[in-house]
Amino acid sequence: MAPEDERLYLLLDRYLTGDASTADAAAVREWLAQDSGHVLLLDDLRLIRRAAAERAPTSRTDGAWAKAVDALGVAPQARVSRRLLAAALAAAAAVTALIGGRGLLRRAPRWSEYATTAAQRMVVRLQDGTQVTIAPRSRVRYTTDYGTHRDLYLDGEAYFQVAPDSRHPLRVHTAQSVTEDLGTAFVVRAYADQVATEVVVAEGRVALSRADTAAASRAPALVLEARDLGRLEPGGGLTLRRGVDVGRQLAWTRGVLAFDGTPLGEVVRTLERWYNVEIRVADSALAARRLTATFQSESIDLVLQRIALTVGLRVERADGSVILLRNGR
């Protein structure tokens with residue numbers, strides 16, 4: 001394995017086990033955002049680690065290699081390292097050697113997905129009746145056997161209004177978390193450029209947990225009820241905030257942007273997704289200033305003018321992007 005691929009493999013391993021530092025987690029999120037094939041590769045590595053946690057008899061490695069290649073059934077994308085994929089398959093071969101013929105590594109399923117671009121929202125109804133409202137620059141994926149098990153995979157932000165089915169609980173997977181429906185409607189926010197994963201419950205209950213590879217190492221889930229906001233930090237810590245304003249949290253599903261004491265740096269990232277514009281904040285102190293405001297159908301120029309008056313800054317444009325500066329600089 002090439003040194004750079006080995007470093008990436010070890011980084012992903014730390015990320016999957018929950019041992020990644022804040023800087024490590026940020027590096028993985030950036031890597032995932034670079035190519036959709038990276039997300040699939042991480043899913044394969046997660047599957048390999050889950051299989052490795054099982055106890056099973058040994059078998060021949062040569063046969064295991066062939067089984068792993070057939071089971072994963074993937075070819076590297078143009079921007080996905082071929083050497084890293086080969087390393088993943090080698091790891092899969094070793095794992096399959098441990099698990100023998102038990103078939104824990106399954107053939108890679110076919111995927112269906114809905115994705116939005118900047119400034120776009122989408123509402124879709126899945127075959128089980130669940131309705132999903134997808135925020136800008138977000139993606140929801142699921143396998144073709146959805147319904148037999150209800151697992152959705154999210155990059156970005158989406159609001160899930162879940163059709164009840166006690167025999168098949170719905171689970172929303174992100175790079176860091178798993179949110180399991182216990183009869184509810186809820187928002188999951190997990191963009192690659194945000195530090196923590198957030199879940200807000202509008203109705204009912206959900207269970208929020210870390211996306212560990214082995215059940216034995218998984219910390220107890222945090223159960224959230226209506227008007228609760230749960231956060232999963234990069235280090236795996238779970239926090240709970242009760243009594244949030246659900247109307248504000250769901251305002252984006254109606255095309256309204258509502259900020260409540262939100263740091264300007266986070267506001268800027270939201271505006272970039274919603275208006276397809278590049279915005280730079282001049283310094284970290286300015287990015288830390290907080291904004292409380294609501295915007296509906298305003299142009300980006302009007303939004304920036306209102307923010308400038310509220311926060312106390314000035315707006316300049318250069319090289320096709322917007323720059324937010326302190327007054328007097």
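The values are calculated or read from the model by the stated rules, or taken from the named source; none is laboratory data. These numbers were taken from a predicted model, which means no experiment stands behind them. So basically every Cβ, Gly included, is an ideal-geometry build from the backbone, and we count neighbours across all protein chains shown. Keep in mind that these areas ignore ligands, DNA and RNA; they rest on the heavy atoms of the full protein, side chains included. Shrake-Rupley method; radii C 1.70, N 1.55, O 1.52, S 1.80 Å.
Results, tabulated for the structure shown:
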item	result
Members of segment 108-142 that are more than 23 Å from Tyr191 (Cβ to Cβ) and touching a Ser or Thr at 6+ places or on another chain (Cβ under 8 Å)	Pro109, Arg110
Subset of segment 293-329 [part of a loop (DSSP other than H, G, I, E, B), touching a residue at least 12 places away in the same chain (Cβ under 8 Å) and among the polar types (S, T, N, Q)]	Ser297, Asn327
Hey, Tyr159 at pLDDT below 95 and buried (at least 16 other Cβ atoms within 10 Å of the Cβ) or not	no
Only one of Ala202, Ala135, Ala196 that is touching an Asp or Glu at 6+ places or on another chain (Cβ under 9 Å), among the aliphatic types (A, V, I, L, M) and either open to solvent by 10 Å² or more (accessible area, probe 1.4 Å) or within 20 Å of Tyr15 (Cβ to Cβ) (or both)	Ala196
Unmet requirement for Glu266, which otherwise passes all of (1) assigned to a loop (DSSP other than H, G, I, E, B); (2) open to solvent by 20 Å² or more (accessible area, probe 1.4 Å); (3) of a type outside the set (S, T, N, Q)	(1)
Residues that are crowded, with 19+ Cβ neighbours inside 10 Å and modelled with pLDDT of 95 or more, drawn from segment 109-132	Thr116, Val132
Among (1) hydroxyl-bearing (Ser, Thr, Tyr); (2) open to solvent by 30 Å² or more (accessible area, probe 1.4 Å); (3) under 26 Å from the mean Cα position of the chain (by Cα), the one test that Ser299 misses	(3)
Failed item in (1) open to solvent by 30 Å² or more (accessible area, probe 1.4 Å); (2) touching a Phe, Trp or Tyr at 6+ places or on another chain (Cβ under 7 Å), with Leu291 passing the rest	(1)
Residue identified as open to solvent by 20 Å² or more (accessible area, probe 1.4 Å) and of a type in the set (A, V, I, L, M) among Leu240, Leu154	Leu240
Single match in Arg329, Arg314 (criterion: exposed (fewer than 12 other Cβ atoms within 10 Å of the Cβ), at pLDDT below 95 and farther than 26 Å from Thr117 by Cα)	Arg329
